[in-house]
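The values are calculated or read from the model by the stated rules, or taken from the named source; none is laboratory data. On a predicted model such as this, the values are computed, not experimentally measured, just so you know. Virtual Cβ from ideal backbone geometry, glycine too; neighbours counted across all protein chains shown. Just so you know, the surface numbers come from the protein's heavy atoms only, side chains and all, with ligands and any DNA or RNA stripped out. Shrake-Rupley method; radii C 1.70, N 1.55, O 1.52, S 1.80 Å.
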Amino acid sequence: MCKPDAVERGLVGEIIRRIEITGLKFSRIEMRVVDEATAKAHYAEHEGKSFFGELIEFITRSPVVVCEVTGPENTWEIVRKIMGSTNPASAAPGTIRGDLANSISANLVHGSDSAESAARELANFFPSR
Ligand code: GDP
């Protein structure tokens, strides 16, 4: 997902380019405002944490670009590598967050952290598929 800060900063093309040039395919792309229920389901594992409210407010504040990326079984792992660490302060140069972000709350992208998470998250964002 390209988060609201990525759309607001005009970085969607750059983010997609960095993933697409590896040979992974974008099989579905959709721009939309995420509603609160979908956001809460997406970030359920963080419920109760101090930053949960801020996280939901942030992800629902303006349009995101939800993407399904298709490739080998470990596609999620390749995408996470291109994204870089959650905190841009420790994200390596050459990664999306390392090169383009400076805040842990506005870190431009979300990527599933396992094949199982990818299936669950895609079902949350594209329930009619
Ligand atoms: P990700 O999988 O790399 O996106 O990281 P997580 O699933 O652990 O966290 C989800 C999102 O919550 C991150 O991308 C951050 O934007 C945000 N986040 C995580 N930890 C913190 C924190 O300690 N403070 C704040 N403000 N946001 C956080």
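First measure r as the distance between the Cβ atoms of GLU47 and ASN102, then evaluate 1/(1 + (r/R0)^6) with R0 = 25 Å and state the FRET efficiency to the nearest 0.05.
The calculated FRET efficiency here is 0.40.
Considering only protein heavy atoms, with the full assembly of protein chains and a 1.4 angstrom probe, order LYS81, LYS3 by accessible area, largest first.
Largest accessible area first, the list is LYS81, LYS3.
Please work out how much accessible surface ASP113 shows to a 1.4 Å probe, ignoring ligands, DNA and RNA, in Å² rounded to 10.
ASP113 exposes around 70 Å² with every protein chain in place.
Take the alpha carbon gyration tensor of the range 5-104, find the square roots of its eigenvalues, order them as a ≥ b ≥ c, and report rounded if a/c is under 1.5; if not, report prolate when a/b exceeds b/c, else oblate.
In terms of gyration-tensor shape, prolate.
Using 7 Å Cα-to-Cβ label points, what is the SER114/ASP35 separation (nm, one decimal)?
Between SER114 and ASP35, the label points sit 2.9 nm apart.
Given the -39500 (n - 2.57) contribution per DSSP H run of 4+ residues, what per-residue ellipticity at 222 nm results for the chain, rounded to the nearest 500 deg cm²/dmol?
After summing the helix terms and dividing by residue count, I get -11000 deg cm²/dmol.
With +1 on the Cβ of every Lys and Arg and -1 on the Cβ of every Asp and Glu, and nothing else charged, how large is the dipole of the chain about its Cα centre, in debye rounded to the nearest 20?
260
Cβ under 12 Å from HIS42's Cβ, HIS42 left aside: what net charge do those residues give with Lys, Arg +1 and Asp, Glu -1?
In short, -2.
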